[in-house]
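Working notes, beginning with the structure itself.
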Amino acid sequence: MDVLKKVPVREQEPKVRATNFEEVCYGYNGEEAVCEAFRCIKCKNPQCVKGCPVGINIPGFIEKVQEGDIAAAYQIISESSALPAICGRVCPQETQCEGKCIRGIKGDPISIGKLERYVADWAKENHVLPKKAEKMNGKKVAVIGSGPAGLTCAGDLAKLGYEVTIFEALHEPGGVLTYGIPEFRLPKSAVVQQEIDNVKSLGVKIECNVVIGKSMTIDQLFEEGFEAVFIGSGAGLPKFMGIPGENANGVFSANEYLTRNNLMKAFDETYDTPISAGKKVAVVGGGNVAMDAARTALRLGAETYIVYRRGEEEIPARAEEVHHAKEEGVIFKLLTNPTEVLVDDKGWVSGLRCVEMELGEPDASGRRRPVVKEGSEFTLEVDTVIMALGTSPNPLISSTTEGLETNKWKCIIAEESNGQTTKEGVYAGGDAVTGAATVILAMEAGKAGARGIHEYLSNR
Amino acid sequence: MYKILQAEMLTDVTALMVVEAPRVAKYCNPGQFVIVKLDEKGERIPLTICDYDREAGTVTIVFQAVGASTKKMLELHSGDAFQDFVGPLGCASELIDKPIEELKRMKILFVAGGVGAAPVYPQVKWMKEHGVDVDVIVGARTKELVILEDQMREVAGNLIITTDDGSYGRSGMVTKVIEDLYAEGRKYDICVCIGPVIMMKFTCLLTKKLGLPTIVSMNPIMVDGTGMCGACRLTVGDQIKFACVDGPEFDGHLVNFDEAMKRQQMYKTQEGRAMLKLAEGDTHHGGCGHCGE
């Protein structure tokens, strides 16, 4: 075996998986995992840990995998992460742990994500649960939102003995893990539900169908006896381009398209919620959400395009998602920007007018700014357009909570180290604070919020 | 689960249900809506609140069977339950924020079309409870489709019923009644009009001519109802608004009703397919003109 190469992971054939919603990647089996684990050289000064937003003791858990003690490996990961089966699947490892791996300088880095996933899946199959608090302290904390930030914060606080209730606006918990990331990338019942059950096993209560900011306010939560509140309500507000024709039938936000499919299971005919899947679909954007929407449309039978105004190098999605999308047959129209949605007389999309772009000088984000190429206008023949341009925080909570300040992007202002907001007893983290980011960064913020709340309630 | 305490058919396709939902009942106000979901596989259905009882912890909803989920909901009885019932969502009617003395000085006209009588009712009731007398026009296609007449009569200062076919009350559409009232010398300061989009459109065309400010309540296609999906977007003046969080009530003279009507047609084919499947079960194998087989 070539020690410079990682143990390849088995995947569903691209042609087959392009027609189903089952998970793309099969993950390692025991033998493969141990084999991959032995590539780790157990650095004295492990860079991978520095690359992990929640600071998992990576060489520590990998050593346990080498020894074949997967239960011990799971407990090591659980000390830092409440959702390992999810992170092993959706973290951008190439820019985090694996990006820092010494092995990666010459050859492939260790497949840390795949090993993490293996350990978490093993724990699930063998019913190993995270360690519960020995004694509850009788203090009540409310967590708003059951996405990665909320689940992590709730899990950490429960481990410290707090009585935690999560309030979720939708009818199922999980936030973006449930409504946003598709089944083929993150299986709902096998993985997401399982991780949620683990958090519940720590004593956390989840109350669905409560929209804080509408059903009740944060001040009313304090009146009901909660002593601290963590806001992990995410960034749910979709952006549109503001181009002509955008309200035509057949133009969707990626949020709508994905929610119909993931949360409401429109792909399954036995569910009542319909989806206008489209025969030729253009997805506008280059992030993970754009890839998810494109690969969903593809699986629903559409010829699918990614329309992105910058180039290949600038695509912000995880490398693996772009690679998978291409393998499955998504057509990439890079350096292309829509200017108008063409509409037929019945109000439906009949095409997408676009211009070609070229890259100019770097802009504020450090990426080269795309500029329009003269005379390059053309029409993409599509019947459906999905806007995946990013999301911003929902103002429902900030607009109904006195003393809770936001910045000009409507993001809640909170200390990075402990999640403290401008309102006493209220902490926040995740996309609600940073704007749309990743699952793991939301988890990091959830952990910080739990630390902040623990400190606050311990000193009262 | 959210228990149904009372279920009553108002017409062949319209039902009224009183549902146990203490959190919603505690905090809701006229003009707001809830989202109900029958069971695991059901759609999320937005429904404007028809009535509420804070002490009993109940919320009353009225709905018409238009798709697969609402048709199944029609079969529910007292003692059954909804799996999900979330709210209150959206903004409350702006009128209830006005000082009572000002409301008492105003001449207010409520216009309800068809099932629109349900969302109009809690607003009129609120007015009555605060000592404000208002005029109410309830319009329907025909006598059998007039709903909540007794309840409305109890709370309206002056109730006028009209049917398109003249089978009950006055004869003609609500716009004709408004014209007649103005011809009789009546004048109003504000109109609240709730009903089918086409009815709101024509009412607004008329009230614009009459210089009568008009508030409408929009009920477009929605998924989450919390501002997340944008399915419910409308053009109001030169702005894009989400009915779920910015509304559901808007200045009727600024709403682009034609676009709203087109957007409402979006899932008509799919709904038709689901309805047929529901009606015919496994025996349906194409030929309906909807399923492309």
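The values are calculated or read from the model by the stated rules, or taken from the named source; none is laboratory data. Since we're looking at a predicted model, the values are computed, not measured. Reconstructed Cβ throughout: ideal geometry from the backbone, glycine too, with neighbour counts over all protein chains shown.
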- Can you tell me which residue within region A:426-435, out of those that are crowded, with 20+ Cβ neighbours inside 10 Å and either of a type outside the set (A, V, I, L, M, F, W, C) or under 19 Å from the mean Cα position of the chain (by Cα) (or both), is farthest from A:LYS140 (Cα to Cα)? A:THR434
- Task: Select from region B:87-102 the residues that are on the phi < 0 side of the Ramachandran plot and touching a strand residue (DSSP E or B) at 6+ places or on another chain (Cβ under 8 Å) and write down the one among them that is surrounded by the most Cβ atoms within 10 Å (Cβ to Cβ).
- Result: B:LEU89
- Of residues in region B:35-79 being in contact with a Pro (Cβ under 6 Å, 6 or more places away or on another chain) and closer than 18 Å to B:ALA231 by Cβ, the one surrounded by the most Cβ atoms within 10 Å (Cβ to Cβ): B:THR48
- Query: Counting only residues that are among the aliphatic types (A, V, I, L, M) and touching a residue at least 40 places away in the same chain (Cβ under 8 Å), which one in region A:393-413 is nearest to the other protein chains (Cβ to nearest Cβ)?
  - Reply: A:LEU396
- Message: For region B:32-54, give me each residue that is part of a strand (DSSP E or B) and not acidic (Asp, Glu).
- Response: B:PHE33, B:VAL34, B:ILE35, B:VAL36, B:LYS37, B:ILE45, B:PRO46, B:LEU47, B:THR48, B:TYR52
- Task: Would you confirm whether any residue within region A:299-308 is within 14 Å of chain B (Cβ to nearest Cβ) and either modelled with pLDDT of 95 or more or closer than 22 Å to A:SER392 by Cα (or both)?
- Result: no
- Item | Hits in region B:26-55 (condition: among the polar types (S, T, N, Q) and within 9 Å of chain A (Cβ to nearest Cβ)) | B:GLN32
- Message: Name the residue that is farthest from the other protein chains (Cβ to nearest Cβ), counting only residues in region B:197-220 that are surrounded by fewer than 17 Cβ atoms within 10 Å (Cβ to Cβ) and in a loop (DSSP other than H, G, I, E, B).
- Response: B:GLY211
- Note on the structure: The one condition B:VAL223 fails out of (1) within 24 Å of A:ARG260 (Cα to Cα); (2) free of Cβ contacts under 8 Å to residues at least 24 places away in the same chain is (2)
- Sort out which residues of region B:76-109 are away from chain A (no Cβ under 14 Å) and under 25 Å from B:THR11 (Cα atoms), and write them in order of number. B:LEU76, B:HIS77, B:SER78, B:GLY79, B:ASP80
- Message: Residue under question is B:THR58, and the condition is that it be of a type in the set (Ser, Thr, Tyr) and more than 14 Å from chain A (Cβ to nearest Cβ); does it hold?
- Response: yes
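Yes or no, residue by residue, for (1) modelled with pLDDT of 90 or more; (2) closer than 25 Å to A:ALA169 by Cα; (3) not polar (S, T, N, Q):
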site: B:CYS229; (1), (2), (3): yes, yes, yes
site: B:THR235; (1), (2), (3): yes, no, no
site: B:PHE242; (1), (2), (3): yes, yes, yes
site: B:ASP246; (1), (2), (3): yes, yes, yes
site: B:PHE257; (1), (2), (3): yes, no, yes
site: B:LYS277; (1), (2), (3): no, no, yes
site: B:GLU280; (1), (2), (3): no, no, yes
site: B:HIS285; (1), (2), (3): no, no, yes
site: B:GLY289; (1), (2), (3): no, no, yes
- Task: Kindly indicate the residue of region A:91-109 that is among the acidic types (Asp, Glu) and in contact with a helix residue (DSSP H, G or I) (Cβ under 8 Å, 6 or more places away or on another chain) and also farthest from A:LYS5 (Cα to Cα) among those meeting that condition.
- Result: A:GLU94
- Select from region B:17-70 the residues that are touching a residue at least 60 places away in the same chain (Cβ under 8 Å) and more than 21 Å from B:ILE96 (Cβ to Cβ) and list them in ascending order. B:VAL19, B:ILE35, B:ARG44, B:VAL66, B:GLY67, B:ALA68
- Message: Could you check region A:272-294 and list, in sequence order, the residues that are buried (at least 24 other Cβ atoms within 10 Å of the Cβ) and of a type in the set (A, V, I, L, M, F, W, C)?
- Response: A:VAL281, A:ALA282, A:VAL283, A:VAL284, A:VAL289, A:ALA290, A:MET291, A:ALA293, A:ALA294
- Message: Restricting to region A:189-201, count the residues that are within 15 Å of A:GLU168 (Cβ to Cβ) and either in contact (Cβ under 8 Å) with a residue 24 or more places away in the chain or facing another protein chain (nearest Cβ under 9 Å) (or both).
- Response: 4
- Query: Which condition breaks for B:VAL19 when tested against (1) at the interface with chain A (Cβ under 9 Å from one of its Cβ atoms); (2) in a strand (DSSP E or B)?
  - Reply: (1)
- Message: more than 27 Å from B:ALA231 (Cα to Cα) and either surrounded by fewer than 24 Cβ atoms within 10 Å (Cβ to Cβ) or away from chain B (no Cβ under 11 Å) (or both): is that true of A:VAL204 in this structure?
- Response: yes
- Sort out which residues of region B:221-249 are away from chain A (no Cβ under 11 Å) and either surrounded by 22 or more Cβ atoms within 10 Å (Cβ to Cβ) or assigned to a helix (DSSP H, G or I) (or both), and write them in order of number. B:ALA243, B:GLY247, B:PRO248, B:GLU249
- Query: Restricting attention to region B:250-259, which residues are part of a helix (DSSP H, G or I), under 15 Å from B:LEU205 (Cβ atoms) and within 11 Å of chain A (Cβ to nearest Cβ)?
  - Reply: B:ASP258
- Assess whether A:ALA442 counts as being surrounded by 18 or more Cβ atoms within 10 Å (Cβ to Cβ) and part of a helix (DSSP H, G or I). yes
- Considering only region B:61-75, state which residues are within 21 Å of B:VAL120 (Cβ to Cβ) and within 13 Å of another protein chain (Cβ to nearest Cβ). B:ALA65, B:VAL66, B:THR70
- Message: Can you confirm whether B:GLY114 is at positive phi, loosely packed, with under 14 Cβ neighbours inside 10 Å and away from chain A (no Cβ under 14 Å)?
- Response: no
- Within the group B:THR70, B:THR60, B:THR11, which residue is outside any strand (DSSP E or B), closer than 20 Å to A:ASN209 by Cα and under 17 Å from the mean Cα position of the chain (by Cα)? B:THR70
- Note on the structure: Filtering region A:10-50 for residues that are surrounded by fewer than 19 Cβ atoms within 10 Å (Cβ to Cβ) and either of a type in the set (Lys, Arg) or touching a Ser or Thr at 6+ places or on another chain (Cβ under 9 Å) (or both) leaves a count of 5
- Message: Checking the structure you have, find out if any residue of region A:248-264 is under 15 Å from A:VAL343 (Cβ atoms), more than 9 Å from chain B (Cβ to nearest Cβ) and surrounded by fewer than 23 Cβ atoms within 10 Å (Cβ to Cβ).
- Response: no
- Within region A:212-247, which residues are among the hydroxyl-bearing types (Ser, Thr, Tyr) and more than 8 Å from chain B (Cβ to nearest Cβ)? A:THR217, A:SER233
